[in-house]
Amino acid sequence: MIDIEQLRSEFPILATEVNGHPLTYFDNGATNQKPQSVIDALSEYYKGYNSNVHRGAHSLADKATQAFEQTRELLQQFVNAPKSEQIIFTKGTTEGINLVANTYGRANIQAGDEIIVTTMEHHSNIVPWQMIAQEKGATVRNIPISDEGEIIFEEFEKMLSDKVKIVSVVHASNALGTVNPVEKIIEKAHEIGAVVLVDGAQSAAHLPIDVQALDCDFFVTSAHKMFGPTGMGFLYGKEEILNDMPPFMGGGEMIKEVSFDGTTFNTLPYKFEAGTPNIADTVAYAKAVEFINRYGKENIAAREKELLDYATKKLIEEVPTAKIIGTSSNKVSVLSFIIDNIHNYDIGMMLDARGIAVRTGHHCTQPLMARYGLEGTVRASFSVYNTFEEIDKFIEALKRIVKMFG
Amino acid sequence: MSVATKSIEEVQNDIIDDFDLLDGDRESTIFYIMELGQELSALDEKHMVDENLIKGCQSKVWLTTEFEDGQIIFKADSNTDITKGLISLLIRVLNGRSPQEIMNAELFFFDKIGMNGVIGSQRSNGFASMIKQMKFYALAYSAKN
């Protein structure tokens, strides 16, 4: 059992007020809040051992390098990667996908090939593939979804052929909450020789991740959706695939030797980490992983499920003009909905006036919104630190809004 | 001469007085703007086309004009009530005035009622786009006549 009061006290922002009300932060799908340990790690790095990694022959550089590489090892354990070299630091999920599209994709996609995504992808898992497909004369196809917001697996099976080179799927949908059956998808894709990228932006902090058990070829995620800093994330890849891939960006750190006659590249993971990396955020990322480990991901997930179930039940019972978008039985803690006759932006503004932060709009999933014939939804996404009282306050605010404008 | 009975400045002062009654309460202010939006008569659907959309607004805002006896009549609609409420305020200030008056209008009520802090920077930019579009229409009518 998690002591919620104790856990909440680790997050200074949760004690603040917004618009004269205690902050109720239900926009965790966009980014979640940071515990004091993560915040402290950032300033401790700059105050105590700011130095460039992997090069200086001095003690500070060594300390920075050790802290930097420790994060890699923690992440290796966090997703059960065979080796820490398979963890490539990135700016986040978007860069991870772009890295794979521009390296593996460019080297392996040919005219007439197909890349499969789902209808519920974030734009970051559509556009990079469209760009490489356009360049190569390939096609991006999308797996249709049911009204409940689940992929139609039979349709996916029908799409499989030797033309398919890459299947890139979201683990948990940011707009619906649906958890996709990635194990089954990976198994089927491997049968036809395609590689699979799993977009773990919404899953890494909420679902158990074992890249070896999943057998995914790539896994990408962002630190800022797992209590860590923004502008930080990682790509996991299978070793032989990463070794075969050409580099993404050129520069310092990623080379073995440079001459005007030619350049040889460094080994993993540095081959993909050109330039001085985001050292401070990498170091602080370790504290975010430690936070999750300290409370236990299973405990965190159980708490978030309780919050989701409670909010879903209350919304259905007490706001009858609300319609939930995404009703799969297997969801992360995302409650997306619309309310008759009231625009999602207006609802967001009115909730904000009571200090309740939600996301409104298309959630960077315009094809998904088009599938439902919607411009957008209101999305409340819960994190372990949210409370049932906050949900009560949220439902009361919605009831008032419906009474006045519904 | 405009058909409007009060000057642009007077109407703006009326708006400021109306908002003063809300005592700066954020929720009441938003509710009030939404009510204004709901009171604005809807545009005929045939006018809700892309050519009439104001560029630079996060929400969809359609704006049309008619020109009668040297005065511009604005009509507008939006897919969100808050945006509709915001443009209804501009219509209240600028409707039934000559192109010249609209072009020269100094619009101060928005800052005076502290709207920027309530609706946020993105919507404030959208509000600026509404004003720009209305003044653009005035310029076009003034050039034509």
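Structure data summary
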item: Gaussian network model of chain A, springs between alpha carbon atoms under 10 Å - residue of A:T267, A:T312, A:T103 with greatest fluctuation; result: A:T267
item: Set of lysines with alpha-carbon distance to B:K132 below 27 Å, sequence-local pairs under 8 removed; result: B:K6, B:K46, B:K55, B:K60, B:K75, B:K84, B:K112, B:K144
item: Cα-based helix-to-principal-axis angle, B:26-39 vs chain B, degrees rounded to 10; result: 30 degrees
item: In degrees, nearest ten, helix B:81-94 long axis to first principal axis of chain B (Cα); result: 50 degrees
item: Average beta-carbon neighbours from other chains, 10 Å sphere, peptide A:345-356; result: 5
item: Rounded to 5, percent antiparallel among DSSP beta bridges of the protein assembly as shown; result: 65 percent
item: Shape metrics for the protein assembly as shown, restricted to C-alpha atoms - Rg then Dmax, Å; result: 26.9, 82
item: Chain lengthening between A:D309 and A:I241 when straightened (0.36 nm per residue, less Cα-Cα); result: 20.4 nm
item: Cα-based reach from A:K314 at 21 Å (exclusive), listing lysines while leaving out same-chain residues under 8 positions away; result: A:K305, A:K323, A:K331, A:K393, A:K399, A:K403
item: Kirkwood Rh (inverse of mean 1/r, distinct Cα pairs), segment B:1-67, angstrom; result: 14.8 Å
item: Simple label model, 7 Å out from Cα along Cβ direction - A:I192 to B:E39, nm; result: 6.0 nm
item: Where the Cα pairs of segment A:64-125 fall when distances are cut into 10 Å bins, in %; result: 18, 36, 33, 12, 2
item: Under-5 Å amide H pairs with A:G29, H placed in peptide plane, nonlocal only; result: A:S381
item: Shielding of B:20-27 by partner chains, average beta-carbon count, 10 Å; result: 3
item: Summed residue charge, Cβ within 9 Å of A:L268's Cβ, Lys/Arg positive, Asp/Glu negative; result: 0
item: Candidates A:R141, A:R294, A:R371: whichever shows maximal mean-square fluctuation once chain A is modelled as a Gaussian network with Cα springs under 10 Å; result: A:R294
item: Segment B:N104-B:L21, extension gain: residue separation times 0.36 nm, minus the distance between their alpha carbons; result: 27.0 nm
item: Set of lysines near A:K63 by C-alpha distance (under 26 Å), chain-local residues within fewer than 8 positions excluded; result: A:K34, A:K47, A:K83, A:K91, A:K256, A:K271, A:K287
item: Whole-percent pair-distance distribution, where bins are 10 Å wide, for the alpha carbons of segment B:8-144; result: 12, 44, 36, 8, 0
item: Student exercise, segment A:39-293 dipole from Lys, Arg, Asp, Glu Cβ charges, in Debye to nearest 20; result: 640 debye
item: Pairwise Cα inverse-distance average, inverted: Kirkwood Rh of segment A:361-406 (Å); result: 12.6 Å
item: Simple label model, 7 Å out from Cα along Cβ direction - A:S259 to A:E157, nm; result: 5.8 nm
item: Spin-label proximity, A:L42 to segment A:262-295 - amide N less than 16 Å from point 7 Å beyond Cα toward beta carbon; result: A:278-289
item: Linear extension gain, A:T321 paired with A:T230, 0.36 nm per residue minus alpha-carbon span; result: 29.1 nm
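Read the figures in this text as sums done on the coordinates, not as results from a lab. Here the structure is a predicted model, which means the values were calculated and not measured. Note: ideal-geometry Cβ built from the backbone for every residue, glycine included; neighbour counts use all protein chains shown.
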